[in-house]
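None of the figures in this text is laboratory data; all of them are computed from the coordinates on show. Bear in mind that the values here come from a model prediction, so they are computed numbers and not experimental data. Neighbour counts are summed over all protein chains in view; Cβ atoms, including those assigned to glycine, are modelled from backbone coordinates with ideal geometry.
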Amino acid sequence: MKSIKINPIVSKFTRTNSNRITIKINNTGEVLLTAPKYASIYEINKLIEDKFDWISKKKEYILSKQIPKKKFINGEKFLYLGKECELKIIPANKNAIQYFDNNFLLSENCIEYAEQYFIALYKNLAWNYLANKTVELAKKYNFNVTNIKINSAKTKWGSCSSKNGIIYSWNLIMAPSEVIDYVIVHELCHTIHKNHSKDFWELVSQITPKYKEYILFLKNNGHLFNI
Ligand SMILES: [Zn+2]
């Protein structure tokens, strides 16, 4: 008898104690399927067939959002404040990496750890820019901020604590300045409204009338703000 195989669109198949079949697509586009111990392959394949369009579309969408892994070679482009800046590999220098005049300069003896050096530099650039800009906007619009920090959050551009401390993801520094200003204003407005109520958005729109445009921009381009 010919054995029945699971549909090849599935990359990873696991049996679980749960009593339902679940299909997930991870951020590298792999289709992960879990099924109860008693579910037959026939039954599983039937479900895949029913959901085939949804699975294919979602997989295609995720793959279209993938950005190629950086190679850290001469001429490669890296984003800073919405601009594409060129990487230049320079002869061994006491500074592993620097940002200068729209270029990133990486010392040739530091290429092996280029990714870590880049992230450290981006965090520094983010801290300088975002802290200054937050203080400036807080002063201009009368907000009180207690603390400003930078982290590596992948799903949030910023957050504001109950004590009005603001945290930004360093990746935000890759966005254009007007988009960054919107995120800063968004977090500053959370020092007044600890929610996303009508009053909150009203306050955001008073300061940043085009805020919806920036939200959409982040939704469509946020995946590019990484290395
Ligand atoms: Zn918010």
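A few points about this structure:
- Stretchable slack from residue 27 to residue 5, in nm (0.36 nm times residue separation minus alpha-carbon distance): 5.4 nm
- Looking at the chain, the DSSP beta bridges with both ends there are about 50 percent antiparallel.
- Bridgeable lysines around residue 24 (alpha carbons under 23 Å apart, same-chain partners fewer than 8 residues away excluded): 5, 12, 37, 46, 51, 57, 58, 59, 65, 154, 156, 219.
- Aspartates and glutamates whose Cα lies under 18 Å from that of residue 83, excluding same-chain neighbours fewer than 8 positions away: 101, 178, 181
- One Cα centroid belongs to region 144-217, the other to region 117-142; the line between them spans 12 Å.
- Residues of region 86-115 with amide N under 14 Å of the 7 Å Cα→Cβ point at residue 177: 102
- Relative contact order for region 6-140, counting Cα pairs under 8 Å that sit 6 or more residues apart, in percent: 13 percent
- Note on residue 88: lysines with a C-alpha under 19 Å away, same-chain residues under 8 apart excluded, are 69, 70, 71, 77.
- Normalised contact order of the chain, rounded percent, pairs of Cα under 8 Å and 6 or more residues apart: 13 percent
- Calculated on the alpha-carbon coordinates, the convex hull of the chain measures out at 192 cubic angstrom per residue.
- Between helix 41-50 and the chain: long-axis angle, C-alpha atoms, 0 to 90°, nearest 10: 50 degrees
- Entry note, the chain: the mean residue ellipticity at 222 nm calculated from DSSP H runs of n ≥ 4, each adding -39500 (n - 2.57), is -12000 deg cm²/dmol after division by the residues and rounding to the nearest 500.
- The string of couplings for region 209-214 from the Karplus curve (6.51, -1.76, 1.60, θ = phi - 60°) is x, 8, 4, 5, 4, 6 Hz, one whole number per residue in order, with x for Gly and Pro.
- The length gained on full extension between residue 70 and residue 50, counted as 0.36 nm times the residue separation minus their Cα-Cα distance, comes to 3.4 nm.
- Theoretical FRET efficiency, 1/(1+(r/R0)^6), r = Cβ-Cβ of residue 18 and residue 212, R0 45 Å, to 0.05: 0.70
- Formal net charge of residues neighbouring residue 164 (Cβ-Cβ distance under 12 Å; K, R +1; D, E -1): +1
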